[in-house]
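The values are calculated or read from the model by the stated rules, or taken from the named source; none is laboratory data. Bear in mind that the values here come from a model prediction, so they are computed numbers and not experimental data. Cβ placement follows ideal geometry from the backbone for every residue including glycine, while neighbour counts extend to all protein chains displayed. To get the accessible areas, we keep the full protein, side chains included, count just its heavy atoms, and leave off ligands, DNA and RNA. Shrake-Rupley method; radii C 1.70, N 1.55, O 1.52, S 1.80 Å.
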Amino acid sequence: MENVWEPYEKKDWVVPFLIFSIYLFIGGAFVLYLSIVWSRNKKIKRAKLDIKYTEIIERMLSTVVFEDVVFSDFQQDKDLILLFKKTFFRELVMETIINLHKNYDGVYAQKLEQFYKDSGLIKDSFAKLRNLRWEKKCKGITELAEFNIYDAFDSIITFSKVRKKTLKITAINACIKLAGTKGIVHLAEHPNPIDDWTQLNIIGAFKKHDIGDTKGVELLLESKNTTVITLGLKLIRELKLTQKIPYVVQLADRAPNALIKYEAQNVLQTLTV
């Protein structure tokens, strides 16, 4: 045992340890410096490319919106086709086309939707749905809903049952935009509680997208999940769905508990005043 502590007591290790620590510190500082310089140069390069690409994208989309130009017309431009193979360029195109689509409707919006499909950007959106990161999934869902890709409904609706609240709300909102009440009727069999924040987002989505066809909202009142019933009552009240009054009356008569009965009576009072 004494042999083990002997080198420690002599302190022969102190100088080599200090030298090693100094070299380690210097090496770590140098690596940190290089990483900062690399990160800075990358940001500067990205900013320059952003300006350069934005000019190209704006000219390209301007011809798409205001002239009878489609994506196939750009196939002759080899430089542009090469740019479309770059991830950063495609991301900028996606951001720009989404902003334009939000501000246009009618024929202009249809041209942008067609460009979104023909250029393959739609494939990028579907690929994001398969990404392991929930932020990427949300982005893909939002893009597909923005361009009214109804074929994506079945894929998006699966995310309305996940535990991640942000992803769930994004998926439900997208389903409402794409299919109206069809996007929420599946909640009638939802086993988990739907919190107030999620309910507010669903109601907000209905108001934002001005859903005309509300057929199916009454199915929420038949759910065994009391939070789903509450959501149905809130939708009927906030959207002033007087045609749903008979269903609310039935619920008030056979309410599963006193709280639901009270909420149903409040909705009836609000709609019949």
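For the range 183-196, the criterion of being crowded, with 16+ Cβ neighbours inside 10 Å, within 28 Å of Gln75 (Cβ to Cβ) and more than 20 Å from the chain's Cα centre (by Cα) is met by none of the residues.
For Leu200, the stated conditions hold: it is at pLDDT 85 or above and open to solvent by 10 Å² or more (accessible area, probe 1.4 Å). Counting only helices (runs of 4 or more DSSP H) that fall entirely inside the range 16-134 and contain at least 2 residues that are among the aliphatic types (A, V, I, L, M), more than 26 Å from the chain's Cα centre (by Cα) and surrounded by 10 or more Cβ atoms within 10 Å (Cβ to Cβ), the qualifying elements are 78-83.
Residues considered: Thr181, Thr214. Of these, the only one that is part of a helix (DSSP H, G or I) and of a type in the set (Ser, Thr, Tyr) is Thr181. Of all the listed residues (Val64, Val15, Val70), the sole one being more than 30 Å from Leu167 (Cα to Cα) and in contact with a helix residue (DSSP H, G or I) (Cβ under 6 Å, 6 or more places away or on another chain) is Val64.
Determine whether the range 52-59 contains at least one residue that is over 29 Å from Lys136 (Cα atoms), of a type in the set (S, T, N, Q) and at pLDDT 85 or above. For the range 52-59, residues over 29 Å from Lys136 (Cα atoms), of a type in the set (S, T, N, Q) and at pLDDT 85 or above: absent.
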